[in-house]
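Q: Have a look at this one.
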Amino acid sequence: MDVVDISDRTNPVKIASISDPQGNTHSSWTTRDHNYLFATNELDGTQATVWDIRDISDTEPMAHYSANLQMWFTIPTIRGDYAFISHNTEGLRVSRSQRSNPARRSRIL
């Protein structure tokens with residue numbers, strides 16, 4: 001995954017790369033404070049990954065999530081403490097994270 005500064009949309013600047021061993025990252029979303037990144041892969045058998053991006057030069061995966069390892073998911077959206085995750089065949093899942101520890105989640109739907 002590449003991290004790109006698009007504050008000047010006519011001149012995007014790559015500022016970092018994050019190596020995801022699962023590969024095929026499809027989409028991602030940051031928390032409001034931009035400390036964590038929730039990334040999804042469109043491959044069966046992969047999990048979404050919550051990344052600690054507080055230090056963009058030294059990112060670390062914090063947690064993994066999947067409602068069903070047989071199916072892939074796409075398009076995460078973070079709103080406050082909630083992650084809305086759309087699955088290919090599993091439908092919408094809503095997960096709640098603790099602000100003090102985004103890797104700790106409880107499934108809502």
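Q: Using θ = phi - 60° and the Karplus form 6.51 cos²θ - 1.76 cosθ + 1.60, what ³J(HN,Hα) does each residue of the range 68-83 get, whole Hz, x for Gly and Pro?
A: 7, 5, 7, 10, 9, 9, 8, 6, x, 9, 10, 9, x, 8, 10, 10
Q: Where nothing but the Cβ of Lys and Arg (+1) and of Asp and Glu (-1) is charged, how large is the charge dipole of the chain around its Cα centre, in debye to the nearest 20? List each step's numbers first, then the result.
A: On the way: 11 positive and 13 negative charges, 112 e Å.
Magnitude of the dipole: close to 540 debye.
Q: Under the classification rounded if a/c is under 1.5, otherwise prolate if a/b is larger than b/c and oblate if not, where does the range 35-85 fall, given a ≥ b ≥ c as square roots of the Cα gyration tensor eigenvalues? Numbers along the way, then the final one.
A: On the way: a/c = 2.52, a/b = 1.49, b/c = 1.68.
Verdict is oblate for the range 35-85.
Q: Considering only DSSP beta bridges with both partners in the range 17-73, what is the antiparallel share in %, to the nearest 5?
A: That works out to approximately 100 percent antiparallel.
Q: State in Å² the accessible area per residue of the chain; use a 1.4 Å probe, count heavy atoms of protein chains only, and round to the nearest integer.
A: Values: 6700 Å² over 109 residues.
In whole numbers, the chain has 61 Å² accessible per residue.
Q: Additional query: First check a/c for the chain, with a ≥ b ≥ c the square roots of the eigenvalues of its C-alpha gyration tensor; if it is under 1.5, answer rounded, and if not, answer prolate when a/b is larger than b/c or oblate otherwise.
A: Working: a/c = 1.76, a/b = 1.40, b/c = 1.25.
Prolate, since a/c reaches 1.5 and a/b exceeds b/c.
Q: Which ³J(HN,Hα) values in Hz, rounded to whole numbers, follow from the phi angles of the range 3-13 under the Karplus curve 6.51 cos²θ - 1.76 cosθ + 1.60, where θ = phi - 60° and Gly and Pro get x?
A: 3J(HN,Hα) across the range 3-13, in whole Hz: 9, 10, 7, 10, 4, 10, 5, 7, 9, x, 10.
The values are calculated or read from the model by the stated rules, or taken from the named source; none is laboratory data. Only a predicted model underlies this, so the values are computations on that prediction, with no experimental measurement involved. Ideal geometry is used to build each Cβ from the backbone, glycine not excepted, and the neighbour counts take in all protein chains shown. Just the protein is used for accessible areas: all its heavy atoms, side chains included, with ligands, DNA and RNA removed. Shrake-Rupley method; radii C 1.70, N 1.55, O 1.52, S 1.80 Å.
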